[in-house]
Amino acid sequence: MENKVDVNESNTKFGFIIIGICIALLIFVLFSFVSFINRKGKVVEKKVTGGKVVLNYFNYFPGLEVSNLVPTHDSYAIDSNSNTLDFSVDSLLEEAASIEYEISLAKDSSNFNVSDEDIKIYLEQEKNNQYVQVVGPTGFVPLKEKTEFGSKAGDMVLLHVKKTKKTTDNYRLKIWLSDTSKQSSGNYKVNLEVNAVAS
């Protein structure tokens, strides 16, 4: 009789443990889902006369911060999914017949110790369900003066695009330390900006 009581108590304890594990897993999945939703929901909106562009980014800030970079060959870095930022740009025409936007990078001077020549910047755009090269790999090339779109001197313009209808363009930015660099490691941080003009 005592053995039956012990077995029942063991089964009850085991059942509570299983239920506890299931609840913990459910909480973890719900927390991960909420974090994923919040991560995907960040936007920067730029209004211009007659339309607007919206930058949607999939990171905790609109840019890319990479640390402990090691010299990497271009072909390896291009194929890798590390040190990347996925983002999209929505072009919304209101009264304007067209809208032009430029994508630029601004260096964050608080966190970089790699020279412009040693860094490699590469931009891909999604076309026909695959990402293809549109810029680079290239070093950081700063502007000498402000552009008519609003990119500042010292920033680097990656791409200039003109749209005549409502569209969403998906991009992927990658950054790495050139394999020709004499540095053995480094940090680099850039902020992504999109500026537009409608006509």
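The values are calculated or read from the model by the stated rules, or taken from the named source; none is laboratory data. Everything quoted here is computed from the prediction, not taken from an experiment. Virtual Cβ from ideal backbone geometry, glycine too; neighbours counted across all protein chains shown.
Condition first: within 18 Å of the chain's Cα centre (by Cα) and not acidic (Asp, Glu). Can you find one or more residues in region 178-188 that meet it? Walk me through it before giving the result.
Of all residues in region 178-188, those within 18 Å of the chain's Cα centre (by Cα) come to 187-188.
Adding the requirement that they be not acidic (Asp, Glu) leaves 187-188.
Yes, region 178-188 has at least one match.
Considering region 148-169 alone, what residues qualify as being acidic (Asp, Glu) and closer than 21 Å to Ala96 by Cα?
Applying the first criterion (acidic (Asp, Glu)) to region 148-169 yields 148, 155, 169.
Within region 148-169, Glu148, Asp169 qualify.
What is the one condition in (1) assigned to a loop (DSSP other than H, G, I, E, B); (2) farther than 30 Å from Gly50 by Cα that Pro137 does not satisfy?
(1)
Residue-by-condition table, conditions (1) among the β-branched types (Val, Ile, Thr); (2) within 28 Å of Ala198 (Cα to Cα):
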{"site": "Thr72", "(1), (2)": "yes, no"}
{"site": "Ser75", "(1), (2)": "no, no"}
{"site": "Ser88", "(1), (2)": "no, yes"}
{"site": "Leu92", "(1), (2)": "no, yes"}
{"site": "Leu105", "(1), (2)": "no, yes"}
{"site": "Glu117", "(1), (2)": "no, no"}
{"site": "Gln125", "(1), (2)": "no, yes"}
{"site": "Phe140", "(1), (2)": "no, yes"}
{"site": "Phe149", "(1), (2)": "no, yes"}
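For Tyr131, state whether it is aromatic (Phe, Trp, Tyr), at pLDDT 90 or above and under 27 Å from Lys166 (Cβ atoms).
Details: aromatic (Phe, Trp, Tyr): yes; at pLDDT 90 or above: yes; under 27 Å from Lys166 (Cβ atoms): yes.
Yes.
Here's the yes/no breakdown for (1) on the phi > 0 side of the Ramachandran plot; (2) surrounded by fewer than 20 Cβ atoms within 10 Å (Cβ to Cβ); (3) not in a strand (DSSP E or B):
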position	(1), (2), (3)
Ser82	no, yes, yes
Asp86	no, yes, no
Asp90	no, yes, no
Glu124	no, no, no
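Since Lys120 meets every condition but one in (1) under 21 Å from Lys182 (Cβ atoms); (2) under 20 Å from the mean Cα position of the chain (by Cα); (3) assigned to a loop (DSSP other than H, G, I, E, B), which condition does it not meet?
Result: Lys120 passes all but (3).
Would you confirm whether any residue within region 126-142 is acidic (Asp, Glu) and under 20 Å from Arg172 (Cα atoms)? Spell out how you get there, then give the answer.
Within region 126-142, the subset acidic (Asp, Glu) is 126.
If we keep only those that are under 20 Å from Arg172 (Cα atoms) too, we end up with 126.
Scanning region 126-142 turns up at least one residue that is acidic (Asp, Glu) and under 20 Å from Arg172 (Cα atoms).
Looking at region 140-157, which of the residues that are closer than 24 Å to Leu177 by Cα and part of a loop (DSSP other than H, G, I, E, B) is farthest from the chain's Cα centre (by Cα)? Steps first, please.
Here is the first cut: in region 140-157, the residues closer than 24 Å to Leu177 by Cα are 140-144, 153-157.
Within this subset, residues satisfying the condition of being part of a loop (DSSP other than H, G, I, E, B) are 140-144, 153-155.
Details: Phe140: 18, Val141: 20, Pro142: 21, Leu143: 22, Lys144: 26, Ala153: 23, Gly154: 21, Asp155: 18 Å.
Top of the filtered list is Lys144.
Within region 60-83, is even one residue within 26 Å of Asp179 (Cβ to Cβ), at pLDDT 90 or above and aliphatic (A, V, I, L, M)?
Within region 60-83, one or more residues are within 26 Å of Asp179 (Cβ to Cβ), at pLDDT 90 or above and aliphatic (A, V, I, L, M).
Modelled with pLDDT of 70 or more, over 18 Å from Leu123 (Cβ atoms), charged (D, E, K, R) and surrounded by 10 or more Cβ atoms within 10 Å (Cβ to Cβ): which single residue out of Glu94, Glu45 fits that description? Write out each step before concluding.
Working: Glu45 fails: modelled with pLDDT of 70 or more.
Testing whether each residue is modelled with pLDDT of 70 or more, over 18 Å from Leu123 (Cβ atoms), charged (D, E, K, R) and surrounded by 10 or more Cβ atoms within 10 Å (Cβ to Cβ) leaves just Glu94.
Which one of Val132, Val197, Val161 is under 20 Å from the mean Cα position of the chain (by Cα) and surrounded by 17 or more Cβ atoms within 10 Å (Cβ to Cβ)? Quick ask: steps written out before the conclusion?
Working: Val132 fails: surrounded by 17 or more Cβ atoms within 10 Å (Cβ to Cβ); Val197 fails: under 20 Å from the mean Cα position of the chain (by Cα).
Residue meeting the stated conditions: Val161.
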